[in-house]
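One structure is given here, and the rest of the page talks about it.
We did not get these values from a lab; they are worked out from the coordinates using the rules stated. Worth saying up front: this structure is predicted, and the values here are computed from it rather than measured. Cβ atoms come from the backbone with ideal geometry, glycine included; neighbour counts cover every protein chain shown.
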Amino acid sequence: MKIEAYIHSLFTKDDAILDQVLASIRANGMRNISVPPEIGKLLTLLVKISGAKEILEIGALGGYSGICLVRGLREEGHLTSLELKEEFAQLAHTNLKKAGFGDQVTYYTGEALKSLDQLEKEQKRFDFIFIDADKENYPNYLERSLKLANPGALIVGDNVLRGGRVCDTSYGDAQTDYIRAFNDRLAKDPNLESIILPIGDGIAIGRVKG
């Protein structure tokens with residue numbers, strides 16, 4: 001048994017709500033690039049441990065990670081989710097409503113960098129930021145996230161190992177280079193305490209000092 005399968009077998013269980021989300025993604029012809037169940041479980045735990053009240057999600061897709069994030073919130077908590085495509089945001093919202101969290105989420109649609117600029121203009125601040133969107137903008141998303149993060153906030157990025165390509169110098173594709181830049185900034189920024197966990201395709205966790 002591979003390590004991933006072992007972790008999955010121990011710490012995840014059948015989840016009808018999340019299974020319905022995956023079914024809706026397939027039914028709408030969308031790529032099934034939602035986080036795996038063990039990452040979803042980790043997101044819920046991290047939100048609970050951090051005590052976050054305001055969450056920002058960059059990349060909604062069908063709402064799978066959004067449900068996992070909101071499950072960690074208290075009733076007064078809120079999720080702000082950014083999604084490029086309006087139809088994806090609508091599906092995500094439908095799925096969060098079915099899960100009982102429809103009133104705890106707000107969607108911004110369009111290019112995420114523009115939405116992030118808008119959130120900064122609105123003086124929004126967040127306790128937990130989850131990045132799982134286009135890889136070429138990961139460094140930009142980290143830069144914007146630092147501006148929007150409260151002291152003590154967690155900034156979490158998915159897919160930061162790229163199947164191991166980030167540590168193989170023979171790989172020089174653009175997306176891997178962008179992720180390397182993200183990881184490097186996360187590791188060296190004096191305002192962050194950070195680590196990468198080799199679970200799923202790698203998940204980076206940074207805590208904003210202050």
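Computed quantities for the displayed model
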item	result
Overall form of the chain per C-alpha gyration tensor (a/c, 1.5; a/b vs b/c)	rounded
Other-chain or far-sequence residues with amide H under 5 Å of F126's (modelled H)	A149, N150
Loop-located GluC sites (Glu not before Pro) in segment 42-87 whose Cβ has at most 11 other Cβ within 10 Å (DSSP)	E75, E76
Helix-only [θ]222 nm of the chain, DSSP H runs n ≥ 4, -39500 (n - 2.57) each, per residue, nearest 500	-13500 deg cm²/dmol
Highest-first arrangement of 108-121, 11-24, where packing means the average Cβ count within 10 Å	108-121, 11-24
Estimated inter-spin distance, E193 and K209, nm [label 7 Å along Cα→Cβ]	1.0
Surrounding net charge for T80, when Lys and Arg each add one and Asp and Glu each subtract one, Cβ distance under 15 Å	-3
Residues of type aspartates and glutamates that K121 reaches as a straight line, Cα spacing below 18 Å, ignoring anything fewer than 8 places off in the same chain	E54, E57, E111, E143
Per-residue ³J(HN,Hα) for segment 165-172, Karplus 6.51 cos²θ - 1.76 cosθ + 1.60, θ = phi - 60°, Hz, x for Gly and Pro	5, 4, 9, 10, 5, 6, 9, x
Cβ-derived FRET efficiency at R0 25 Å, N32 paired with L10, nearest 0.05	0.60
Gyration tensor verdict on segment 48-166 (Cα atoms; rounded if a/c is under 1.5, prolate if a/b is larger than b/c, oblate otherwise)	rounded
Greater than 32 Å apart at Cα, pairs in K48/K98; K97/K147; K2/K53; K41/K188	K2/K53
Trypsin sites (Lys or Arg not before Pro) lying in DSSP loop within segment 153-210, provided at most 14 other Cβ fall within 10 Å	K209
Vicinal HN-Hα couplings computed from phi for segment 93-98 (Karplus, 6.51 cos²θ - 1.76 cosθ + 1.60; Hz; Gly/Pro x)	5, 4, 5, 5, 4, 4
Values of log10 I(q)/I(0), in the order q = 0.13, 0.19 Å⁻¹, for segment 130-182 under a Debye, Cα-only, solvent-free model	-0.33, -0.63
Segment 42-51 - phi-based ³J(HN,Hα) in whole Hz, Karplus 6.51/-1.76/1.60, Gly and Pro as x	5, 4, 4, 5, 5, 5, 4, 5, 6, x
Shape of segment 119-210, Cα gyration tensor, a/c cut at 1.5	prolate
Over segment 3-208, relative contact order from alpha-carbon pairs under 8 Å, at least 6 apart, %	17
Antiparallel bridges, percent of DSSP beta bridges restricted to the chain (to nearest 5)	35
Among 41-53, 130-142, the order from most to least packed when residues are scored by Cβ within 10 Å on average	130-142, 41-53
